[in-house]
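Read the figures in this text as sums done on the coordinates, not as results from a lab. Everything quoted here is computed from the prediction, not taken from an experiment. Please note: Cβ atoms are built from the backbone with ideal geometry, for glycine as well, and neighbour counts cover all protein chains shown.
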Amino acid sequence: MEAASKLDVESIRADFPILQRKIGDKPLAYLDSAATSQKPVQVTDAMRRFTDHSNANISRSVHTLASEATEAYEGARAKVANFIGAISHDEVVFTKNSTESINLVAYAFQNASVQNGTVERGADPRFRLGPGDEVVVTEMEHHANLVPWQQLCLRTGATLRWIGITDTGRLDLAHLDEVVNERTKVVSFVHVANLLGTVNPTSQIVARAKEVGALVGLDSSQAVPHIPVDVTELGVDFIVFTGHKMLGPTGIGVLWAKAELLDAMPPFLTGGSMIETVTMERTTFAKAPAKFEAGTPPVAEAVGLAAAVDYLSSLGMDNVRAHEKELAAYMLERLETVDGLTVIGPRVPIGRASTVSFELDGVHPHDVGQVLDSEGIAVRVGHHCAKPTCVRFGVTATTRASAYVYTTTEEIDRLVSALEQVRKVFA
Amino acid sequence: MDLDELYQEVILDHYKRPRGVGLREPYEGESHQVNPTCGDEITLRVHVEGDTVADVSYENAGCSISKASASVLYELVKGASVEDALKRLGEFTELMNSKGREEGDEETLEDAVAFSGVSKYPMRVKCALLGWMAFKDALVRAEAAIPTSGGGSEQ
C-alpha cells in the first residue's frame, strides 16, 4: 500500500493509560477522538511537573518561579507557532478553546462597528460591518463557526450567507463567485468538517475571498490535530483550533492571525495583562498577543499543549495523516458491509478524515450508542453541534466514529460486529 | 452494563408498536419539547373533558426510550382523571430521578415500571421524561384554555 502507516500504534497506545480501561468487562475502544482526544503521559507529566515545580503567575514578578512560568508559557507559544508554520510567535493568541477564538474575531468586528462614538482607537475599516455588508460561512459548520457570525450579523445589520453542501458531502462551489462577492467582508469556513469528515479544499475559496478583498479564516479544530497545517501555505488571515482535540488538555485554544491583522483588531476581553497603561478615564492596550489575553491565562494547559505538539511532531504529521487515511478507508469499507447503514458524508477516502457519521436504518443513534457502550465502544451520538448539516441530510442525529493516532483496525472490527448486535436488539 | 435491564421487552414493544401515536382533534393544549443535546422532539396534545384526560395524541422523533415512554404515557393517562394523571406524572418523574434505587409501583405505573432500569443511566433519563414534560406543559395550557367551574380564572 502506498500510504502505509508509519506509526507504531502499539507503542503509541502504551503512552495512553486510559486505553487500558475496561468498560464493564470489555476493553475500551475509544472511537470519539473528534469530540476530544485522549492524552499521553507525556502531556499529563509535563503539566504535573510544571505545577509541582514551577507554578507561578506569568509576566508579573521577578522571582524564579515567575520567570520559569513565563518562559514555559511563552515557550509553548513558540512551539505552537512553529507547529503551524507561523512566521512570528506573536501571531499565536492563547484562548480557552476554538469557540472563544472565533468569538474573539467576531467581536473584533462588532467592537469596530459600534456606532455610538466610542469606536475603538484605530478601528480598521476592514472590521466595520453594517447593512449591505456580507459574511460568508458554509452549511457544514460546527455551531462554533456559525452562531458567532450569525449573531454578529443580527447585531450589525450585515447579511449572513453560506456555501451549500453537495449530496456527496462536499462544499458546493458552483456558486462561489456569487456567494463571495464585492460585499463580502469576511469568509470563515470549516477546514475539516466535524460531522461529515470532509477535508475541504481551501485554495479556491481563499483565492476568491482575496479577489474581492475579504478577510478569510478557517475553523481548523478538526484539521490541526490530524493533518499537516501550514498557515503560510494556506494563505489565510486567521485560523482557530483547540488543545484538547490534539492530545492536549481542555481549557486552552488558539487563534492564529497575521500580525498586521492582530494589530488592527480591537480587543475582545479587557482587563488585566492586556494593557499598556491605564488611567481612571482611558486605557491603551498592549501589543498582540497580550492585547487578546486578558486575565491570568491557562499556564499549565499551555505547557500541556506544548507537550502535545512535541508528541505529534515526533510522530510526524505526515505519518499521522497517512495512518488516518488508512483508517478512514478501512472504516468506510467495513461500515458499508453493515445492513441498513448509510454513511452521511463522503463515501470514498479521498479528501476525507477518519471521522465517519452514519445512520442505521430504524435505530436511533442514542440506542446505537448505548448498545455500543455495553460492548466497551465509545462513539458520539447526536447532532454533533452541526444541526444545519443534519437538516441538509434529513436526519435529526447521527452516530459518529472517529479515529486518531492510537486507533487500531481491530477496534473498527469491534465496532462493526457490535453494530450487528445493535440490529439484533432493535430488529 | 446490563443492556437487558435498560431495553426491557416492554420498552422495545412500545417502541416498535407505539400506542396512540398521531396528532388528533379536538385538543385544548399542545406542547412542543426538544432535547437540545440530541435533537429528540415531541409535539403532544391534550384533550380534557370535564375532569378527565379524554385523549393524548402525539408525534415524535427520537430514540427507543423517548418513543416508548410517550407510548406508555398515552396508555397510563388516557381516560384517567386529571388528578390521577398528575399523580402518575409525579410518580414517574420520581422513579426516573431515583438513580435505580426505586422499582416503581406496578399498581399505578403499570408498564412504566419497566423504565426503572433507565434511571441508572443519567444520559437517558431526559429521553424518558421528554414526553412527560410535554404532557405536563400541554395540560397546563389546556387548563388555562378551559373555563373552570371554579370560575374567575379566565384571562
- Message: Looking at chain A, I'd like the Rg to Rh ratio, where Rg is from alpha-carbon atoms and Rh is Kirkwood's inverse mean 1/r.
- Response: 0.98
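Report, in debye and to the nearest 20, how large the dipole of chain B comes out about its Cα centre when Lys and Arg carry +1 and Asp and Glu carry -1 on their Cβ. Don't skip to the answer; put the middle values down first.
Numbers: 16 positive and 29 negative charges, 113 e Å.
It works out to roughly 540 debye.
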- Query: If you build a Gaussian network model of chain A, linking Cα atoms that sit under 10 Å apart, which residue out of A:Pro249, A:Pro365, A:Pro27 swings the most?
  - Reply: A:Pro27
- Query: Most mobile of A:Phe109, A:Phe94, A:Phe50 per a Gaussian network model of chain A (Cα springs, under 10 Å)?
  - Reply: A:Phe50
- Determine, from the Cβ-Cβ distance of A:Thr159 and A:Leu269 and an R0 of 35 Å, the FRET efficiency 1/(1 + (r/R0)^6), rounded to the nearest 0.05. 0.80
- Under the helix-only model (-39500 (n - 2.57) for each DSSP H run of 4 or more, divided by the residues of the protein assembly as shown), the mean residue ellipticity at 222 nm, to 500 deg cm²/dmol, is -12000 deg cm²/dmol
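Give the shape of segment A:258-304 as rounded, prolate or oblate, defined through the alpha-carbon gyration tensor: a ≥ b ≥ c are the square roots of its eigenvalues, a/c under 1.5 means rounded, and otherwise the shape is prolate if a/b is larger than b/c and oblate if not.
In terms of gyration-tensor shape, oblate.
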- Query: Any idea how far apart A:Ala259 and A:Val9 come out in nm if each label point goes 7 Å out from Cα toward Cβ?
  - Reply: 4.3 nm
- For segment A:176-307, what mean projected area does the convex hull of the alpha carbons give, in nm²? 9.9 nm²
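Among A:Val136, B:Val125, rank each residue by its count of other Cβ atoms within 10 Å, from fewest to most, as a rough exposure measure.
Least crowded to most crowded, the residues run B:Val125, A:Val136.
According to the square roots a ≥ b ≥ c of the eigenvalues of the Cα gyration tensor, what is the shape class of segment A:232-311, taking rounded for a/c under 1.5, prolate for a/b larger than b/c otherwise, and oblate for the remainder?
oblate
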- Message: Give me B:Ile65, A:Ile58 sorted ascending by neighbouring Cβ count inside 10 Å, so fewest comes first.
- Response: A:Ile58, B:Ile65
- When the label point is put 7 Å from the Cα of A:Asn181 along its Cα-to-beta-carbon vector, which residues of segment A:131-166 have a backbone N closer than 11 Å? A:134
- Task: Go ahead and set up a Gaussian network model of chain A, Cα springs under 10 Å, then flag whichever of A:Thr408, A:Thr296, A:Thr36 fluctuates most.
- Result: A:Thr296
- Say each of B:Leu86 and A:Thr277 gets a label point 7 Å from the Cα, pointing the same way as Cα to Cβ; how far apart are those two points in nm? 6.8 nm
- Note on the structure: Honestly segment A:68-176 on the Cα gyration tensor test (a ≥ b ≥ c root eigenvalues; a/c under 1.5 rounded, otherwise a/b vs b/c for prolate or oblate) is just oblate
- Item | Label-to-label distance, nm, for residues given as A:Arg49 and B:Arg24 (7 Å Cα→Cβ offset) | 7.0 nm
- Query: Among A:Ala69, A:Thr138, A:Thr95, which residue has its Cα positioned farthest towards the positive end of the charge dipole of segment A:1-156, with +1 placed on the Cβ of Lys and Arg, -1 on the Cβ of Asp and Glu, and the dipole taken about the Cα centre?
  - Reply: A:Ala69
- Task: Take A:Lys424, project a point 7 Å from its Cα along the Cβ direction, then tell me which residues of segment A:351-387 have their backbone nitrogen under 17 Å from it.
- Result: A:368-377
- Surface/4 of the Cα convex hull for chain B, nm²: 9.2 nm²
- Per-residue Cβ contact counts at 10 Å, fewest first, order A:Lys6, A:Lys291 as A:Lys6, A:Lys291
- So what's the angle, to the nearest 10 degrees on a 0 to 90 scale, between helix A:147-156 and the longest Cα principal axis of chain A? 40 degrees
